[in-house]
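Trainee: Could you have a look at this structure, given as structure tokens, before my questions?
The values are calculated or read from the model by the stated rules, or taken from the named source; none is laboratory data. Treat the numbers as computed from the prediction; the structure is a model and nothing was measured. Heads up, the Cβs are rebuilt from the backbone with ideal geometry, glycines too, and the neighbour counts pull from every protein chain shown.
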Amino acid sequence: MKLINRIKTYLVAAPVFTVLLFSAPSGFCADENGTQIGTVVAVKQSGWANRMNESVKRTIAKGDIVYAGDIIDVKYGNFVQIALKGNPDNIIHVEGNSLIQMFADGPTNVELSKGKVYAMLDNLGSANGFKISTPTAIASVRGTYYQVKTDGVATQAITYQGNVRVGGRHQDGEGTRGEVSVLAAQMTEVNGFSRVPKDPVVISESEFEEINDVIRILETPKPMLDYQEALKASKSEAPVESGSKLVKSGDEDDSEQEQGSQVVY
């Protein structure tokens, strides 16, 4: 799916620090009759909300409903936190300078065209799935803590708790190329369209602490995560693919990986 091509341009006079909630194009529900995905539980700074069926802008605030197809543009220096429908313990934190669009046709899907999103999913349920998709990768889970960031081409996924499956995405958005399993305190990268994800590497403690920085500002308190415990949890899990490499973050490992099997989410 080509998210950028679906975005309708709006000219809105607003402060530098804003949060914009736009409507989706025709074919997606971005009104009160649509599919509810979640509720805004926190916003840093004020912002404006626009939908295609409205002629005036309005502010976005704590308590606003997010519907399938809504596009959220978080300006630099701000953040938005959204509790997923059905359980307020499942939170996504959208960093500043990020652009997302949310869908609910199957697993809840956050299409991240640029920026950074943290997912903190405690009670997703065995029947439900969740994924963060970028132009070049798809990272899916059934419940865990992880982060995905992208500049629109390169994608990085970090797992803080649990297990995240990451596959490189084809440029047409219709499937993935290869898949790796990223365990707690590990990360992977996908550097381009239709590329196989790099083998997971262990992140540093300072990189791991980013999730605790987010937890500290949540409206609903959550326990802090421990780096050493995350490392122990990863060591206790068997690797998904035999022969996979595991190196410290920052080590040089630019070797090309073999093509993996195609996984379609």
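Trainee: Return the residue satisfying two criteria in turn: it lies in the range 187-233 and is in a strand (DSSP E or B) and either within 17 Å of the chain's Cα centre (by Cα) or polar (S, T, N, Q) (or both), and of such residues it is surrounded by the most Cβ atoms within 10 Å (Cβ to Cβ). Full working, then the answer.
Mentor: In the first step, residues of the range 187-233 are kept if they are in a strand (DSSP E or B); the result is 187-191, 201-202.
Filter again for either within 17 Å of the chain's Cα centre (by Cα) or polar (S, T, N, Q) (or both), leaving 187-191.
Values: M187: 22, T188: 23, E189: 19, V190: 30, N191: 16.
Looking at the filtered set, the residue picked out is V190.
Trainee: Of the numbered conditions (1) within 26 Å of M120 (Cβ to Cβ); (2) of a type in the set (A, V, I, L, M, F, W, C); (3) at pLDDT below 95, F193 fails exactly one; give the number of that condition.
Mentor: (1)
Trainee: Continuing with this model, one more query. Can you name the strands (runs of 3 or more DSSP E) wholly within the range 41-101 that have at least 1 residues being modelled with pLDDT of 90 or more and of a type outside the set (V, I, T)? Steps first, please.
Mentor: Values: elements: 65-67, 71-74, 79-84, 91-95.
The strands (runs of 3 or more DSSP E) meeting that bar are 79-84, 91-95.
Trainee: Also, I was wondering about something else. For the range 153-212, enumerate the residues that are over 20 Å from S113 (Cβ atoms), charged (D, E, K, R) and out of contact with any Lys or Arg (no Cβ under 8 Å at 6 or more places or on another chain). Please lay out each step first, then the result.
Mentor: Just the residues of the range 153-212 that are over 20 Å from S113 (Cβ atoms), to begin with: 159-163, 165, 178-187, 196, 198-212.
Narrowing the set further to residues that are charged (D, E, K, R) leaves 165, 179, 198-199, 205, 207, 209-210.
Within the range 153-212, R165, K198, E205, E207, E209, E210 qualify.
Trainee: Okay, next question. For the range 110-175, list the strands (runs of 3 or more DSSP E) that sit wholly inside it and hold at least 2 residues that are of a type in the set (S, T, Y); which are they?
Mentor: The strands (runs of 3 or more DSSP E) meeting that bar are 145-150, 154-161.
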